[in-house]
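Novice: After the structure tokens below, expect a handful of questions from me.
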Amino acid sequence: MPRTTPPSPCPTSTTPCHHEYPCHDPEAAKDLNIMIIVAAIICAFLCALGLNSMLQCVVQCANRALTEPVEWMASRRLNSGLKKKEMVALPTSTFVDSGSPSSAPGCAICLVDFSEGDKIRVLPKCNHRFHIACIDKWLLSHSSCPTCRNRLKSNDYITCPSL
């Protein structure tokens, strides 16, 4: 008669293993499968949420470009910077310390106090003062005062071309 050996007990369990995978607990496998399924559902939800947000942005931008193209483009150009010729035409002066505490002593761009003899540029509408190098760099990409946002261009109105 052939000799059969009784099933060996699992190292982590006191019950003998009677299936083809030794030491495989079906309850643990079921829990692992549930965890994997939940993780996959969460990942799918997050991907769908991100895709939805991206599509909403694309639709809104496309809608704006189709319904308001002239106004939208004109508003984008409003604060696009001054030309070199316009920038050089702005008044400049040399800083003289009057000792008055009411005058702002520094450049709002670089946050360095003006010193005697510094070349400064005074913006015409608001009279804010800045170092020439600081404000010129700013005005190449913006057409407004960095402190009060007052526009410097006189032709900053939106015009719609006649069709």
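Novice: Near LYS119, which lysines are there with a Cα under 27 Å away, not counting those fewer than 8 places off in the same chain?
Specialist: Those lysines meeting the cut-off are LYS83, LYS84, LYS85, LYS137, LYS153.
Novice: Same structure, new question: For GLY106, which sequence-distant residues (separation of 5 or more, or a different chain) have an amide H within less than 5 Å of its own amide H, given hydrogens modelled in the peptide plane?
Specialist: Answer set, sorted by chain and number: PHE114.
Novice: Taking θ as phi - 60°, what are the ³J(HN,Hα) couplings along the stretch 28-43 by the Karplus curve (6.51, -1.76, 1.60), each to the nearest whole Hz, with x for Gly and Pro?
Specialist: Once θ is set to phi - 60°, the couplings for the stretch 28-43 become 5, 5, 5, 5, 5, 4, 5, 5, 5, 5, 5, 4, 5, 5, 5, 4 Hz.
Novice: With a Förster radius of 35 Å, plug the Cβ-Cβ distance of CYS43 and ALA65 into 1/(1 + (r/R0)^6) and report the FRET value to the nearest 0.05.
Specialist: Here the calculated transfer efficiency is 0.60.
Novice: I would also like to ask the following. Using modelled amide H (1.01 Å from N, peptide plane; none on Pro or chain starts), what sits under 5 Å from the amide H of SER144, excluding residues fewer than 5 places away?
Specialist: Residues meeting the criterion, in which the H sits 1.01 Å from N, are LEU152.
The numbers here are math on the coordinates, done by the rules we state, and not lab data. Fair warning: this is a prediction, and the values are worked out from it, not measured in the lab. Heads up, the Cβs are rebuilt from the backbone with ideal geometry, glycines too, and the neighbour counts pull from every protein chain shown.
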